[in-house]
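As structure tokens, the structure follows; a few thoughts come after it.
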Amino acid sequence: MIKIVAGLGENKDIIEACEIFKKKNKDAEIKLVKNDRDLVEAILDNNVDAVIRGSLPASNVMKELKAKFSDISRATYVNGDNIEFLLTPVGIDEGKTVEDKFKIAVECGKFLKKQSKNPKIAVLASGRKGDYGRSEEISKSIDESEELTKLIKEKTDFEVTNHYILIEKALKDKCNIIIAPDGIIGNIIFRTLVLVNSWPSCGAITFGITGIYIDTSRDQNIKGYLRSLKLAYKFANI
């Protein structure tokens, strides 16, 4: 049996998603937990094959994990019929420095390579290249995007392009890793695409831990939770 643990908070859609999933996957055993303490214990339990956050809040879970693992990062996996990419950083307290974003880029690239896919990275900034000087904040973001792009080119064999603020061009060019200027902007992009416009997301993959943890939104719907369960199940079978 594949043992999966899912968090149950105020959004009860996770319950129906689990019931639907179990009917289609007879070898899956799913346990619902109602607090972040039990969720963290499941992530650290070697007898549990995979964990998804479900509809529990994220802050305490990530706090506990970061106390046990030094280099945790997350990337939301958007995966539909005509589009597939990792969006990162997505935690509002993540991706604060160029070094942070470089580490996440490397983890995302490794993840895709394990699936025999070639990483194609788009680095984003808070403005176009020609917007440099319009404000100190915009100039700093552009400088960091160029530094990050250079670092990825020098330190990895991944394809990378600085698309500055032009996320629409990055998606049109089929980039499969989108690196936002910081976690706040990444989180807003995620909410706009997934929660407002219903782009299909499997949840955020957590890198830097020993177990499998899919960090879902507590505002996700049944279909969204089903995608997360399918991804967790897939990873558990690898």
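Coordinate-derived values only; no laboratory data. Bear in mind that the values here come from a model prediction, so they are computed numbers and not experimental data. Heads up, the Cβs are rebuilt from the backbone with ideal geometry, glycines too, and the neighbour counts pull from every protein chain shown.
Loop-located chymotrypsin sites (Phe, Trp or Tyr not before Pro) in the range 161-210 (DSSP state other than H, G, I, E, B) with a sparse environment of at most 10 neighbouring Cβ atoms within 10 Å are absent.
3J(HN,Hα) along the range 159-165: 6, 9, 9, 7, 9, 6, 8 Hz, from the Karplus curve 6.51 cos²θ - 1.76 cosθ + 1.60 with θ = phi - 60°, whole Hz, x for Gly and Pro. Under 17 Å from a label point set 7 Å out along the Cα-to-Cβ vector of Lys96, the amide N atoms of the range 149-190 belong to 181-187. Using the Karplus relation 6.51 cos²θ - 1.76 cosθ + 1.60 with θ = phi - 60°, the per-residue 3J(HN,Hα) values for the range 59-64 come to 4, 5, 4, 5, 4, 5 Hz, with x marking Gly and Pro. Rounded to the nearest 20, the Cβ-based charge dipole of the range 67-111 about its Cα centre (Lys and Arg +1, Asp and Glu -1) stands at 140 debye.
For the range 82-151, the set of trypsin sites (Lys or Arg not before Pro) satisfying both a DSSP loop assignment and a count of at most 14 other C-beta atoms within 10 Å is given as Lys96, Lys117, Arg128, Arg134.
Given in Å, the Rg to one decimal and the Dmax to the nearest whole number for the Cα atoms of the chain are 17.8, 59. Dividing the summed helix terms, -39500 (n - 2.57) for each DSSP H run of n ≥ 4, by the number of residues in the chain produces a 222 nm estimate of -12500 deg cm²/dmol to the nearest 500. Based on Cα contacts under 8 Å between residues 6+ apart, the range 90-238 shows a relative contact order of 26 percent. Per the Debye formula on identical point scatterers at the alpha carbon atoms of the range 75-202, with no solvent, log10 I(q)/I(0) at q = 0.14 Å⁻¹ is -0.55.
Couplings for the range 179-190, taken from phi via the Karplus curve 6.51 cos²θ - 1.76 cosθ + 1.60 with θ = phi - 60°, read 9, 6, x, 7, x, 5, 5, x, 5, 5, 4, 4 Hz in order; Gly and Pro are left as x. In a DSSP loop and with at most 16 other Cβ atoms within 10 Å, the trypsin sites (Lys or Arg not before Pro) in the range 159-238 are Lys174, Arg218.
Here the range 75-202 is treated with +1 on each Lys and Arg Cβ and -1 on each Asp and Glu Cβ, and its dipole about the Cα centre works out to around 400 debye. Residues whose amide H lies under 5 Å from that of Ala28, counting only those 5 or more places away or on a different chain, are Ile2; hydrogens are built 1.01 Å from N in the peptide plane. Under a 5 Å amide H cut-off, with hydrogens placed 1.01 Å from N, Val5 pairs with Lys31, Ala50, Val51, Ile52 among residues at least 5 apart or on other chains.
Mind scanning Lys103/Lys153; Lys3/Lys68; Lys3/Lys23; Lys63/Lys223; Lys172/Lys234 and naming the pairs with a C-alpha gap bigger than 20 Å? The pairs that break the limit, which is 20 Å between Cα atoms, are Lys3/Lys68; Lys63/Lys223; Lys172/Lys234. Between helix 98-114 and the chain there is an angle of about 60 degrees, using the helix long axis and the longest principal axis of the Cα atoms.
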